[in-house]
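In what follows, a structure is listed as structure tokens, so that the remarks can point back to it.
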Number of protein chains: 2
Amino acid sequence: MARPQRDTRVEILKSAAAAFRRRGYHGATVEEIATALDMNKGNLYYYFRNKEEILYACHQYSLDILLALLDEVLASADPPEVKLRRLIVSFVQTILDELHGTALFMDLQPLAPAHLQKVIARRDRFDRGIRQVLQEGMDTGVFAAGDAKLLAFAILGAVNWIPRWFDPHGAAPSETIAGAFADYLIAGLRQGEGVRLQGCRPRAAGYGAPTTDTKGDGRSKGQGVRSGPKPEARSL
Amino acid sequence: MARPQRDTRVEILKSAAAAFRRRGYHGATVEEIATALDMNKGNLYYYFRNKEEILYACHQYSLDILLALLDEVLASADPPEVKLRRLIVSFVQTILDELHGTALFMDLQPLAPAHLQKVIARRDRFDRGIRQVLQEGMDTGVFAAGDAKLLAFAILGAVNWIPRWFDPHGAAPSETIAGAFADYLIAGLRQGEGVRLQGCRPRAAGYGAPTTDTKGDGRSKGQGVRSGPKPEARSL
DNA sequence: ATACTATTTGAACGCCCGTTCAAATTTCAA
DNA sequence: TTGAAATTTGAACGGGCGTTCAAATAGTAT
């Protein structure tokens, strides 16, 4: 057959991504990744140095696709509202149809520091792209003023969460979901005549935190994942 | 001291939830859960049968809190818009301040079938509660017509994603985030005079999939997680 | 056929980690 | 103080899984 090397590598990535999505990085075994392809697990080490490198390659694969999509939209001359809609729609459809749910859900911590750094940097580019479109819309006046960073997180959260409940065999196809999400997520941004009631008890800090970095450091904190080692914080 | 049994159990849950959030179920070791409490790992088995039971208890703990919150709001006589705002605001604040980011992010698959079933059932209750408020708002006319199920997923996704980027030491406190998210997520629901442009290329299925279950089965599929064993689906 | 490379195999190693358990220690009531 | 129950300790076991590697096989040009 044609180019076995590269093809097999991609095959492995597909299988690995599926396994990682189902069981998580640590839960997925090298053996199940291999046997899904009728391979022996030892054989994977002919194509990748180790399990961690497979995860890294999966991340890069997804980011290649999503960032290409972002760049295409950003380069266009569409008004912000249309840009955002195109982004949401194709983002959702790509995640569901092409990446089959694997995208930004994969684990980051197992990555080696050097790899982690690179992945986070690219995630940052993605975040900033979305914020840029939002900001553009606010400056134009199409979107109501607000914290572009928080709004971008909200949009990405809604989208990134989809794989958790999406059923490929369900009645709602990816286009329906993509359309509905775009409608809803954009509607909330519009320069509104709406009432904006504050509801229940009075809130201390109402809205606009600074649009700049939430934290002091200018360092990128991809997708906001606490990149550093420290973040302790007790739960429950 | 007072009641050692129950207190120690909760201490363990706190430590375990933090570990699970950071490394995932399989990535977290029983030893790190124990040493964080200056305990010997063997000692945990005096309080819990095994690791899986700890995860289960974590889920139940979170659900206890969140469902209590839901019930309180549902029981009120507030109009739908206020109900929804209260839900979003206190949901966000509870997740960030009380649960420290642990909530619906924890793994489900490692749970034993019996436990999984119970957790999913309770998650379903939560989902349906949100949908109920949305539907109420649509029936009243405060909210624009739409697919309550999809909208609920979008809202929960935005909220559930927060722990991925939230920095407890960052400049944006939980109240700010809670308020901003509530504003944005509710604004998108309002019965709008808005233009609703469709943007780019024409979409096949525009919006309203049936409000009823997306799938044919009436069985609950908690938070939409594909509960069954099958769902294969290749990625990448 | 031959020889050289690319790929696959299968078995083995070694470590990590969940789990067990008997003995040691602490707690507390009488 | 005494003794029984509650809790903790520390060590050990055993299985799972990532990784290695030498040998086997397939592929290909000459």
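If you go through segment B:66-82 and pick out every residue that is open to solvent by less than 70 Å² (accessible area, probe 1.4 Å), within 14 Å of chain A (Cβ to nearest Cβ) and not charged (D, E, K, R), you end up with 6.
Scan segment A:13-36 for residues that are of a type in the set (D, E, K, R) and within 13 Å of DNA strand C (Cβ to nearest atom) and the total you get is 1. Pick from segment B:158-180 the residues that are out of contact with any Gly (no Cβ under 9 Å at 6 or more places or on another chain) and under 26 Å from residue B:125 (Cβ atoms): which of them is farthest from the other protein chains (Cβ to nearest Cβ)? Filtering segment B:158-180 for residues that are out of contact with any Gly (no Cβ under 9 Å at 6 or more places or on another chain) and under 26 Å from residue B:125 (Cβ atoms), the one farthest from the other protein chains (Cβ to nearest Cβ) comes out as B:174.
Being open to solvent by less than 10 Å² (accessible area, probe 1.4 Å) and out of contact with any strand residue (DSSP E or B) (no Cβ under 6 Å at 6 or more places or on another chain) narrows it down to one of B:171, B:114, B:145, B:182, so name that one.
Working: B:171 fails: open to solvent by less than 10 Å² (accessible area, probe 1.4 Å); B:114 fails: open to solvent by less than 10 Å² (accessible area, probe 1.4 Å); B:145 fails: open to solvent by less than 10 Å² (accessible area, probe 1.4 Å).
Of B:171, B:114, B:145, B:182, the one residue that is open to solvent by less than 10 Å² (accessible area, probe 1.4 Å) and out of contact with any strand residue (DSSP E or B) (no Cβ under 6 Å at 6 or more places or on another chain) is B:182.
Checking each residue in segment B:28-65 for being part of a helix (DSSP H, G or I), away from chain A (no Cβ under 12 Å) and more than 17 Å from residue B:115 (Cα to Cα) picks out B:30, B:31, B:32, B:34, B:35, B:41, B:42, B:43, B:44, B:45, B:46, B:47.
The requirement of being open to solvent by less than 60 Å² (accessible area, probe 1.4 Å) and under 27 Å from residue A:157 (Cβ atoms) is not satisfied by residue A:48.
Do the conditions hold for residue A:75, that is, is it over 21 Å from residue A:23 (Cβ atoms) and of a type in the set (Gly, Ala, Ser)? If you could, list the steps in order and put the result at the bottom.
Working: over 21 Å from residue A:23 (Cβ atoms): yes; of a type in the set (Gly, Ala, Ser): yes.
So residue A:75 passes the test.
For segment A:21-45, a residue qualifies if it is more than 11 Å from DNA strand D (Cβ to nearest atom) and crowded, with 18+ Cβ neighbours inside 10 Å, and the qualifying residues are A:21, A:22, A:39. Considering every residue within segment B:8-20, establish whether at least one is assigned to a loop (DSSP other than H, G, I, E, B) and either within 13 Å of DNA strand D (Cβ to nearest atom) or open to solvent by less than 40 Å² (accessible area, probe 1.4 Å) (or both). No: segment B:8-20 contains no residue that is assigned to a loop (DSSP other than H, G, I, E, B) and either within 13 Å of DNA strand D (Cβ to nearest atom) or open to solvent by less than 40 Å² (accessible area, probe 1.4 Å) (or both).
Screening B:171, B:145, B:154 for residues that are small (Gly, Ala, Ser) and part of a helix (DSSP H, G or I) leaves exactly one candidate, B:154. Before we move on, is residue A:197 assigned to a loop (DSSP other than H, G, I, E, B) and either modelled with pLDDT of 95 or more or loosely packed, with under 15 Cβ neighbours inside 10 Å (or both)? Yes.
Looking at the structure I just gave you, is residue B:155 facing chain A (nearest Cβ under 10 Å) and under 27 Å from residue A:24 (Cα atoms)? It is true that residue B:155 is facing chain A (nearest Cβ under 10 Å) and under 27 Å from residue A:24 (Cα atoms). Hey, residue A:202 hits all of (1) modelled with pLDDT under 95; (2) in contact with a helix residue (DSSP H, G or I) (Cβ under 8 Å, 6 or more places away or on another chain) but one; which does it fall short on? With respect to (1) modelled with pLDDT under 95; (2) in contact with a helix residue (DSSP H, G or I) (Cβ under 8 Å, 6 or more places away or on another chain), residue A:202 is out only on (2). Listed conditions (1) in a helix (DSSP H, G or I); (2) of a type outside the set (Gly, Ala, Ser); (3) at pLDDT below 95 are all met by residue B:83, apart from (3).
The values are calculated or read from the model by the stated rules, or taken from the named source; none is laboratory data. Nothing here was measured: the structure is a model prediction, and the numbers come from that model. So basically every Cβ, Gly included, is an ideal-geometry build from the backbone, and we count neighbours across all protein chains shown. Heavy atoms of the whole protein, side chains included, go into the accessibility calculation; ligands, DNA and RNA do not. Shrake-Rupley method; radii C 1.70, N 1.55, O 1.52, S 1.80 Å.
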